[in-house]
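Worksheet: one structure, shown below.
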Amino acid sequence: MRSLDLSVDIAGLSLKTPLILASGILGLSGRLLAKISRAEGVGAVTTKSIGLKPRDGYPNPTIILLPYGLINSMGLPNPGAEAFLKELDEAEDLSSPLIASFYGYSVDEIVETARIIAKHPRVSALELNVSCPHVSGVYELGFKPELVAEAVSKVKKIIDKPLFVKLSPNTHLIVDVARAAAEAGADGLTAINTVKALAIDTELFRPILSGVYGGLSGPALKPIALRCVYEIYKEVDIPIVGCGGVSNSLDVVEFILAGASAVALGSVIAFKGVGVFRELAEGLSSYLERKGFRSVREIVGLSHR
């Protein structure tokens with residue numbers, strides 16, 4: 001049997017596999033993040049998005065289950081940056097890199113939040129969320145290449161850790177935003193966040209979610225996410241983390257062939273549990289062996305050649 005290598009190096013991070021816990025899933029507990037980091041098949045873990053100040057999020061209902069995925073409108077609940085540092089103190093025995101997701105309502109707030117979070121020694125990298133589709137003030141930032149570039153440039157001047165930018169699919173300017181982030185110094189991109197969506201209660205004649213709009217994730221999102229990764233890879237030369245709608249190992253392969261160096265898992269964990277990391281890593285290994293490749297790195301962007 002061939003010796004297969006699932007490890008990847010992305011934006012200065014060394015991952016045992018290309019599989020990452022996406023932001024928004026099981027990411028507010030330091031102890032749980034550490035536990036997931038030790039699970040077989042996990043390459044890295046990402047926290048939920050953290051803001052400068054505490055935020056309660058929206059009241060229920062916040063999640064809708066659909067035949068083809070989920071719509072969530074959590075509203076970015078989090079304890080605030082300073083309080084979250086104490087939560088990260090509980091993330092002992094991490095065996096995979098920890099990526100801290102964060103957001104702000106302005107460039108100045110983004111910079112200050114990054115400054116606080118980056119100082120924690122357990123944070124290996126940061127991921128700037130400019131794309132949450134159901135929180136006004138955060139959502140719109142991802143549509144403006146010049147604002148994203150300004151935020152990235154200023155954050156990179158005050159931190160010495162890799163910075164990813166999580167992009168919005170809800171704009172035709174996603175490649176322009178990706179390019180602006182890269183030119184401003186971003187070390188990597190995460191593509192994509194959820195798609196802005198809506199569901200209506202036909203008995204009560206009103207939107208179901210308390211926040212009205214939510215983000216569509218799950219299998220329905222994959223073709224959109226895949227297209228975004230493919231387009232960005234053609235135009236922007238920094239690593240991409242593919243994210244959106246992964247259900248099985250061939251979905252992972254598709255993202256890597258489209259140009260992703262790593263792939264983040266979100267909704268699938270809600271349905272299959274943390275054991276899905278091992279399942280998908282084994283499936284990826286089987287694919288590489290069947291096709292005669294020795295490492296994941298050999299197939300990154302292969303669909304473009």
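The values are calculated or read from the model by the stated rules, or taken from the named source; none is laboratory data. Owing to the predicted nature of the structure, the values given are computational and were not obtained by experimental measurement. All Cβ positions, even for glycine, are placed from backbone atoms using ideal geometry, and neighbour counts span all protein chains on display.
The table below gives the values:
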| item | result |
| --- | --- |
| Options Glu109, Glu82, Glu92; residue that is surrounded by fewer than 21 Cβ atoms within 10 Å (Cβ to Cβ) and modelled with pLDDT under 95 | Glu92 |
| Single condition Ile158 does not satisfy, out of (1) touching a Lys or Arg at 6+ places or on another chain (Cβ under 6 Å); (2) within 21 Å of Pro239 (Cβ to Cβ) | (2) |
| Residue within segment 34-43 that is within 16 Å of the chain's Cα centre (by Cα), touching a residue at least 12 places away in the same chain (Cβ under 8 Å) and not in a loop (DSSP other than H, G, I, E, B) present | yes |
| Those residues of segment 139-184 which are under 22 Å from Leu76 (Cβ atoms), acidic (Asp, Glu) and modelled with pLDDT of 95 or more, in sequence order | Glu150 |
| Every pair of residues 6+ apart whose Cβ atoms lie under 7 Å, when the first sits in segment 133-158 and is touching a residue at least 60 places away in the same chain (Cβ under 8 Å) while the second is outside any helix (DSSP H, G or I) and among the charged types (D, E, K, R) | Pro133/Lys196 |
| Selection status of Val212, of a type in the set (Val, Ile, Thr), in a loop (DSSP other than H, G, I, E, B) and surrounded by fewer than 19 Cβ atoms within 10 Å (Cβ to Cβ) | yes |
| From the options Val212, Val263, residue that is touching a Cys at 6+ places or on another chain (Cβ under 8 Å), in contact (Cβ under 8 Å) with a residue 24 or more places away in the chain, among the aliphatic types (A, V, I, L, M) and closer than 27 Å to Ser73 by Cβ | Val263 |
| Residues of segment 276-305 that turn out to be touching a residue at least 40 places away in the same chain (Cβ under 8 Å) and either of a type in the set (Lys, Arg) or touching a His at 6+ places or on another chain (Cβ under 9 Å) (or both), as a count | 3 |
| Count of residues meeting criterion [part of a loop (DSSP other than H, G, I, E, B) and closer than 20 Å to Lys48 by Cβ] in segment 122-150 | 13 |
| Filter result (of a type in the set (Val, Ile, Thr) and farther than 11 Å from Ile232 by Cα) within segment 161-183 | Val165, Thr171 |
| Looking only at segment 112-138, and only at residues there that are modelled with pLDDT under 95 and crowded, with 19+ Cβ neighbours inside 10 Å, the one that is farthest from Asp56 (Cα to Cα) | Ser131 |
| Which numbered condition Ala34 misses (of (1) more than 18 Å from Cys243 (Cα to Cα); (2) in contact with a strand residue (DSSP E or B) (Cβ under 7 Å, 6 or more places away or on another chain); (3) aliphatic (A, V, I, L, M)) | (2) |
| Number of positions in segment 75-94 that are without any contact (Cβ under 8 Å) to a residue 60 or more places away in the chain and not basic (Lys, Arg) | 13 |
| Yes/no for Ile269 being in contact with a Leu (Cβ under 9 Å, 6 or more places away or on another chain), in a helix (DSSP H, G or I) and crowded, with 24+ Cβ neighbours inside 10 Å | no |
| Members of segment 215-256 that are buried (at least 17 other Cβ atoms within 10 Å of the Cβ) and charged (D, E, K, R) | Lys222, Asp251, Glu254 |
| All positions within segment 232-257 that are assigned to a helix (DSSP H, G or I) and out of contact with any His (no Cβ under 8 Å at 6 or more places or on another chain) | Ile232, Glu235, Ser249, Leu250, Asp251, Val252, Val253, Glu254, Phe255, Ile256, Leu257 |
